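The values are calculated or read from the model by the stated rules, or taken from the named source; none is laboratory data. Values in this document were obtained by computation on a predicted structure and should not be read as measured data. Note that we place each Cβ from the backbone using ideal geometry, even for glycine, and neighbour counts take in every protein chain shown. Calculation scope for accessible area: heavy atoms of the full protein, side chains included, ligands and nucleic acids excluded. Shrake-Rupley method; radii C 1.70, N 1.55, O 1.52, S 1.80 Å.
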Amino acid sequence: MSFFIRNSAKSKISGPKVGQKRKTLSKPSGGKAGKKTNGRLPGKRRMKGGNEEIASDEEILSDIEDIAEQVASEDEEETAQEKRLRLTKQYLSQLEEEEADKRVSEEIDRDAISHRLQEDLLEQAGKLQRKVAAQYIPPTPADIQVLRGHQLPLTCLVISSDSKHVYTGAKDCSIIKWNVAEGKKEKVIAGGRKGTEDKHQGHTAHVLCLAISSDNKFLASGCRNKVIHIWDPVSMTRLHTFTGHRDAVAGLAFRKGTHTLFSASHDKTVKVWSLDEMAYVETLFGHEDSIMSLDSLSRERAVTAGGRDRTVRVWKIPEESQLVFHGENRGSIDCVAFINEQHIVSGDDNGNVSVWGLMKKKPLVSVRGAHHTEGSDQQECWVSAVAALTNSDLIASGSSDGHIRLWQCGDNFKSVQPLFSIPVVGFVNGLKFSSDGSLLVAAVGQEHRLGRWWRLKPARNSLVIVRLRKTS
């Protein structure tokens with residue numbers, strides 16, 4: 001019996017392989033379809049010498065199909081495994097890319113933080129000089145906006161830290177708050193007549209200087225009547241009045257980030273005020289002539305221009321000392337501004353623009369006749385205003401020659417090169433850059449802010465807003 005079982009298994013296994021054509025069984029000669037042969041069905045075969053039947057062709061085909069289906073299912077199972085493996089690899093690759101991007105962004109953040117810390121350290125040390133001047137291009141006529149509102153020549157201006165508002169003062173004793181975006185007046189503090197100081201809220205003499213705190217909380221104004229008014233910049237209501245100077249108040253500046261106010265006067269003194277307490281702090285002496293201008297940055301220092309004593313002085317408040325810098329000419333140094341904590345720009349009535357360093361008593365570089373043109377008189381060369389984009393290499397100067405001129409400072413402020421000029425008719429009595437360097441504003445009048453020595457009739461008493469553009 002075992003013999004037949006083995007043969008039966010062999011006959012099943014030795015059937016046609018997958019993919020091979022099945023041989024057609026030949027019909028018995030003389031036989032008909034469906035006819036029995038020797039008592040057997042045509043699809044059955046019997047082994048010799050035994051009674052066990054061998055599987056028919058149909059059964060063999062059925063077994064082959066079962067085997068094929070099993071092989072196909074195994075192939076499908078392998079494909080699913082490969083798919084899972086591929087998806088796993090793809091997910092891992094995505095995670096690696098995300099981690100790499102995260103590392104790159106963290107490195108960029110660290111670099112940005114490191115760069116910012118380095119800039120802060122350089123700024124505190126007074127050595128920061130951002131190279132931005134070369135990026136600026138001359139403005140088009142559409143970039144220059146002229147706003148009129150004062151009846152008499154403008155003498156001073158200041159721009160808010162967010163660059164949204166400009167405040168101007170004039171010889172008509174008024175102060176105007178301007179909206180830069182709309183180019184319109186928002187508030188006006190009208191000037192009063194002499195003798196009405198007790199009744200009038202505003203000034204009753206020429207407004208000569210303005211200053212605004214870095215948080216836009218206080219606006220200070222000084223005039224020829226020796227008083228300093230403190231205003232709310234939003235509502236333009238008067239908060240307080242300081243008295244103490246014995247002559248005209250010609251310069252005002254807030255220490256950056258604080259409510260400490262410095263004031264300079266024609267009485268040759270500098271006074272320090274605390275607006276947190278609305279109180280007087282101290283008086284600084286040293287100048288031998290009227291102080292014409294004043295500026296301050298973050299340190300507890302102030303810089304002043306001494307006019308006819310031909311000196312620029314840096315006042316170190318904590319040390320109770322001063323640095324004295326002597327001009328090269330006999331002219332009056334009328335305007336001054338900090339570039340950074342270690343460098344200063346000044347202008348005088350001889351037409352010179354000078355850059356100073358605190359480590360040297362003489363100017364590092366001077367541009368002689370900065371506003372001089374052929375056939376021009378000395379009065380047209382008088383540098384009446386200077387400004388600097390803080391911690392950069394860009395400075396500006398104004399005169400009455402019909403142009404505001406922009407300059408680029410070289411490395412370590414040892415050279416000054418002209419960039420371009422902006423046409424403006426009249427005396428440029430005040431200049432300020434916005435904190436982001438996108439705006440340059442000028443207070444323009446028919447007369448110099450401190451006197452009536454000359455009068456330019458073609459000029460208009462106006463605020464000029466110049467939108468500065470950079471190369472793309």
Could you figure out which of (1) open to solvent by less than 40 Å² (accessible area, probe 1.4 Å); (2) over 27 Å from Val336 (Cα atoms) isn't true of Ala181?
(1)
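A quick yes/no check of all residues on (1) assigned to a loop (DSSP other than H, G, I, E, B); (2) open to solvent by 20 Å² or more (accessible area, probe 1.4 Å); (3) free of Cβ contacts under 8 Å to residues at least 24 places away in the same chain:
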| residue | (1), (2), (3) |
| --- | --- |
| His229 | no, no, no |
| Gly251 | no, no, no |
| Lys256 | yes, yes, no |
| Leu284 | no, yes, no |
| Asp309 | yes, yes, yes |
Let me confirm something: among Ala396, Ala337, which residue is of a type in the set (Gly, Ala, Ser), in a strand (DSSP E or B) and closer than 20 Å to Ile291 by Cα?
Ala337
When Val416 is run through (1) surrounded by fewer than 24 Cβ atoms within 10 Å (Cβ to Cβ); (2) touching a Cys at 6+ places or on another chain (Cβ under 7 Å); (3) under 17 Å from Asp295 (Cβ atoms), the failure sits at (3)
When you go through (1) open to solvent by less than 10 Å² (accessible area, probe 1.4 Å); (2) assigned to a strand (DSSP E or B); (3) not hydrophobic (A, V, I, L, M, F, W, C) one by one for Pro233, which number turns out not to apply?
(2)
Can you list residue pairs whose Cβ atoms sit under 7 Å apart, with the first residue in the stretch 200-219 being within 18 Å of Arg449 (Cβ to Cβ) and open to solvent by 10 Å² or more (accessible area, probe 1.4 Å) and the second being part of a strand (DSSP E or B) and aromatic (Phe, Trp, Tyr)? Count only pairs 6 or more apart in sequence or on different chains.
Leu210/Tyr167
Just checking, which of Lys199, Lys177, Lys185 is outside any loop (DSSP other than H, G, I, E, B) and more than 23 Å from Ser263 (Cβ to Cβ)?
Lys185
Taking the stretch 120-143, which residues are at pLDDT below 85 and either basic (Lys, Arg) or open to solvent by less than 60 Å² (accessible area, probe 1.4 Å) (or both)?
Asp120, Glu123, Ala125, Gly126, Lys127, Leu128, Gln129
List pairs: first residue in the stretch 348-360 and in contact (Cβ under 8 Å) with a residue 40 or more places away in the chain, second residue among the hydroxyl-bearing types (Ser, Thr, Tyr) anywhere in the structure, Cβ distance under 6 angstrom, at least six positions apart or on different chains.
Val353/Ser397
Any idea which residue in the stretch 419-430 is surrounded by the most Cβ atoms within 10 Å (Cβ to Cβ), counting only those that are in a strand (DSSP E or B) and of a type outside the set (S, T, N, Q)?
Val428
Looking across the stretch 447-472 at residues that are touching an Asp or Glu at 6+ places or on another chain (Cβ under 7 Å) and at pLDDT 95 or above, the single one that is farthest from Val132 (Cα to Cα) is Val466
